[in-house]
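I have placed the structure first, in the form of C-alpha cells, so that the comments after it can refer back to it.
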Amino acid sequence: MKFNNQTMLSIVTIAVFAVLGHWNFWSEGVYALGFNTTAFWFGLGGLLWANNPLLRWKRDWVWVVPLALMAMSFSLYENPWLKIITCIVLPASVGVFYAYSQLTNGKQSFWGLQLLKTLVKRCVTPLRHLGEAVYYCRSRIAFVKGKQDKNLNKRIFKGLLLLAPLAVFVVILLGSADDNFASLTSDIFINFFGSLNFAMIAKVLCIVILCVLLLAMLHAWKSPFEFTEEKVIISLDDVVVGIVMGGVLLIYGLFLWLQLDYLLIGSLPESFTATEKIVKSGFWQLFFLTILNTGLFFAVYKNTGAAAQIILRVFIVASGLLLLSAAWRMGLYVYWYGFSYEKYFASYTSLFALLVFAYLLAASFSKERKDVFKFIAFAALCSYGVATVTPVERIIFNTNVALSQSSDSRVGLYELRQMSADILGDVKGLVNDAESAERIGVTEVQNWKSWVNKQERKHCDRAWYESNLSLVSACP
C-alpha cells in the first residue's frame, strides 16, 4: 500500500469534512444531509476518478451522470423519503458500476449472474485490506513523528496501560480504608471524566475509521481486472418450451378475457376499499409478472428455435397488456384520489416496466443477441437518477391541488401535511391567494398556516451546510 502526500491530504480532508459536517446526522437523521453530502460524494468521486486509469468520460458518462445526479439531489430538495433510499442506492451503485469500469474486457462481457456476482465481490474487496490500511496509517504517523518519538510514545502507552488497572485497584482498597480518601478520589474522578469531551473523542475516532476505509477502498480498487465467464451451455427442448410458454400464454389470454369488464374501466367504485383492491391487485400483478416474465425471457431468449421465439414475442405482448391495464387503473386512482408517495412512484415504476417490456419485444426481433440485463441495469440507474433530481413533492402537491378543483374529486389535501418543507413555497402561495383560500375553506387555511409555521421553526434555522436550495428559497 503506497499513496503520495497529495492523496493522503485529500483522504484526511474528506474524512474530517464528512465527520464534522455530518455529525448532526445522529440527532437529526436525513435532515442533516444537504450541501455537505453533495460535497462529500463529489470529493470521493474525484478520488475514485484519479484512482482508476481506465475511466474515460466519453465511455463512462452513462453511469457517472446518474450517480452525479443522485449526489446533487441532496443539495436540491428536502425530500426525506427519497434521501433514505438514495443513502442505500448510491453507495451500492458506485461500487458496482465503478467495478464494471475497471474491467479490461468490459465491452466483450455480457451482463448476467456471473458478472454481477464478480462485481459484488469486487465491491467488498476493501474489507480484506482493512488491516493493511491500519498498519499503513500507523506507519505514516510514525514517519511524521520520527522513529525516536515512536518508540517513546510506545513505551509511554505501555506504562499507562499497566498503570490504569493497578491504580484503580489500589484506589478502591485505600478508599475502603479511609472515607476522606474515598471522597477525595471520587471528586477527582468525577472532575476528570467530566472534563473529557467524549463527543470530540468520538469524532476523532470516526475520522480515523473513515480514513482507514478510504485507504482500503482506494488500494483495493486501484488495479484493473479481467472477467472470465464460465461457458454455460443451455439446452432447451423446443417442444417443452413451446408447451410451457404456450400454456402460460393461454392463462394470460383467459385472464385478459375475463377481466375485460374493468381492464380499461372509465371510473372507479365509490368505496375507497373497493378502489384500493382493484388498483393494488393490478400492481401486485405488475410486480410479480415483471419478475416472472423477465426471468422466462432470459431463459428462452435466443436459446430455442424460431417457433418458440415467436411464442416468446406474443408472450411479451400479453405481459405488456397487463401492465397497460395496471397503469390505466393507477391513472384513474390518481385522478380521483390524488397523488401520494406510493402512487407517484408506483406510476413511475409502471412506466419503467413498460419501457423494459418494449425493449424486450424489440430484442426478440433482433437477429443478434442483445445484452438485455445490461440495458435493464443502466436504464434502472438512469431512471432513479432522474427521479432524485425531480421535484417530487412539489409535483404531488400541485397535482393534488389542481385535481381537488373538480366538483366530484375525492382528493384530500390535508393528507399532504405529512410532506417536507419542499412544498413550503407552494403552500404559502395557496393560502395567500384569496380565491384558492376561499375554495379550500377557512379551517383548512388555518391548518396550513400552522403547518407552515411549524416547518419554518423546525427547518429554517439549520446550519447552512445541512440545508438545500429548496429550503433556502422557501425560508424567509
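The values are calculated or read from the model by the stated rules, or taken from the named source; none is laboratory data. Computed from a prediction, not measured in an experiment: that's the story for all the values here. A quick note on method: Cβ atoms are made from the backbone with ideal geometry, for glycine too, and the neighbour counts reach across all protein chains shown. We work out accessible area using only protein heavy atoms, side chains counted, and drop any ligands, DNA or RNA first. Shrake-Rupley method; radii C 1.70, N 1.55, O 1.52, S 1.80 Å.
Some notes on this structure:
- Spans of helices (runs of 4 or more DSSP H) in segment 221-331 with at least 3 residues at pLDDT 70 or above and out of contact with any Phe, Trp or Tyr (no Cβ under 9 Å at 6 or more places or on another chain): 238-258, 272-300
- Selection of segment 424-476 for residues being of a type in the set (D, E, K, R) and either under 18 Å from residue 74 (Cβ atoms) or modelled with pLDDT under 85 (or both) yields 433, 435, 438, 439, 444, 462, 466.
- Residue in segment 52-63 that is closer than 30 Å to residue 457 by Cα, open to solvent by 60 Å² or more (accessible area, probe 1.4 Å) and assigned to a helix (DSSP H, G or I) present: no
- Residue 376 meets each of the listed conditions (1) in a helix (DSSP H, G or I); (2) open to solvent by 60 Å² or more (accessible area, probe 1.4 Å); (3) more than 25 Å from residue 425 (Cα to Cα); (4) in contact with a helix residue (DSSP H, G or I) (Cβ under 8 Å, 6 or more places away or on another chain) apart from (2).
- Selected residue [under 30 Å from residue 423 (Cα atoms) and open to solvent by 30 Å² or more (accessible area, probe 1.4 Å)] from 333, 337, 341: 341
- Selected residue (criterion: least open to solvent (accessible area, probe 1.4 Å)) from residues of segment 393-435 that are more than 20 Å from residue 475 (Cβ to Cβ), of a type in the set (Asp, Glu) and part of a helix (DSSP H, G or I): 415
- Given (1) aliphatic (A, V, I, L, M); (2) open to solvent by 60 Å² or more (accessible area, probe 1.4 Å); (3) within 24 Å of residue 199 (Cβ to Cβ); (4) at pLDDT 95 or above, number of the condition residue 20 does not satisfy: (4)
- Evaluation of residue 172 against the conditions (1) surrounded by fewer than 11 Cβ atoms within 10 Å (Cβ to Cβ); (2) hydrophobic (A, V, I, L, M, F, W, C); (3) modelled with pLDDT of 70 or more shows that the sole unmet condition is (1).
- Of the residues in segment 91-106, none is within 13 Å of the chain's Cα centre (by Cα), open to solvent by 50 Å² or more (accessible area, probe 1.4 Å) and among the β-branched types (Val, Ile, Thr).
- Within segment 322-337, residues that are closer than 11 Å to residue 354 by Cβ reach partners that are aromatic (Phe, Trp, Tyr) with beta carbons closer than 8 Å, at six or more positions or on different chains, in the pairs 322/252; 322/255; 323/357; 326/283.
- Summed over segment 316-330, residues that are surrounded by fewer than 18 Cβ atoms within 10 Å (Cβ to Cβ) and of a type outside the set (A, V, I, L, M, F, W, C) total 0.
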